[in-house]
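Novice: Let me give you the structure first, and then I'll get to my questions.
The values are calculated or read from the model by the stated rules, or taken from the named source; none is laboratory data. Since this is a predicted model, take the numbers as computed values, not measurements. Neighbour counts are summed over all protein chains in view; Cβ atoms, including those assigned to glycine, are modelled from backbone coordinates with ideal geometry. Only protein heavy atoms, including side chains, enter the accessible area calculation; ligands, DNA and RNA are left aside. Shrake-Rupley method; radii C 1.70, N 1.55, O 1.52, S 1.80 Å.
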Amino acid sequence: MKFCVMSQCLFCRIAAGEIPAEKLYDDGEIFVIKDINPAAPFHVLIIPHKHIARLSDLGAGDLELPGRVYSQAAKIAHDEGFADEGYRVVANCNEGGGQTVFHIHFHLLAGRKMTWPPG
Ligand code: 5GP
Ligand code: ZN
């Protein structure tokens, strides 16, 4: 049995297959799952395997990750047919930013007109 902080983390547990999720993609570095409570007709979460609690905890060795995430987001948006009409990629940081799961993740939302500023 594992006793570490990460084993308590929802997205680490999903990554380990301990909690089921509808997975669209996994390259061993990042994985993509459908959001359980979609805020748009198409709503997936792009999640690095590495447990980083929040955006502001990205370290000097992690700087390639956001590029990979955005590149994968663009590919998914294209493959799902949302590239032309548009989509949104967003990361919430800490409670004030709307973060509820403290393992870094990026929302990819599409399929409806997004409003600005977000609430
Ligand atoms: P945050 O609020 O941290 O920016 O985003 C967390 C997201 O994770 C929310 O959109 C929420 O609906 C989603 N979520 C929470 N629990 C689960 C779960 O067990 N499975 C999946 N697939 N998504 C989840
Ligand atoms: Zn985690």
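Novice: Taking only the alpha-carbon atoms of the stretch 34-115, what semi-axes of the equivalent ellipsoid follow from 5 times the gyration tensor eigenvalues under a square root, in whole Å, largest first?
Specialist: Semi-axes from the Cα gyration tensor: 22, 15, 10 Å.
Novice: Show log10 I(q)/I(0) for the stretch 30-71 at q = 0.27 Å⁻¹, two decimals, from a solvent-free Debye sum over equal Cα scatterers.
Specialist: These q points yield log10 I(q)/I(0) values of -1.01.
Novice: Run lengths n ≥ 4 of DSSP H only: what is the helix-derived mean residue ellipticity at 222 nm for the chain, with -39500 (n - 2.57) per run over all residues, to the nearest 500?
Specialist: Taken over the chain, the calculation gives -5500 deg cm²/dmol.
Novice: Now, a different point. Note the count of lysine pairs whose C-alpha atoms are less than 20 angstrom apart in the chain, limited to pairs 8 or more residues apart or on different chains.
Specialist: Close lysine pairs found across the chain: 8.
Novice: Around Arg112, with a cut-off of 11 angstrom between Cβ atoms, what is the net charge of the other residues, counting Lys and Arg +1 and Asp and Glu -1?
Specialist: Residues near Arg112 contribute +1 overall.
Novice: On to the next question. Run the numbers on the chain and let me know its relative contact order in percent, using alpha-carbon pairs under 8 Å that are six or more apart.
Specialist: 28
Novice: OK, next. In the stretch 6-110, with Lys and Arg counted as +1 and Asp and Glu as -1 at Cβ, which of these residues, Ala60, Ala83, Ile46, has the Cα nearest the positive end of the dipole, that is, farthest along it?
Specialist: The listed residue farthest towards the positive side: Ala60.
Novice: What do you get for the angle between helix 65-79 and the principal long axis of the chain? Use alpha-carbon atoms, 0 to 90 degrees, nearest ten.
Specialist: Helix 65-79 sits at roughly 40 degrees to that axis.
Novice: Amide H of Tyr25 versus every other amide H placed in the peptide plane: which residues, excluding those fewer than 5 positions away on the same chain, fall under 5 Å?
Specialist: Counting only residues 5 or more places away or on other chains, the set is Val32.
Novice: Taking only protein heavy atoms into account and a 1.4 Å probe, give the accessible area per residue of the stretch 6-110 in Å².
Specialist: 54
Novice: What is the sum of charges, Lys and Arg at +1 and Asp and Glu at -1, for the other residues whose Cβ falls under 12 Å from the Cβ of His103?
Specialist: Neighbourhood net charge equals +2.
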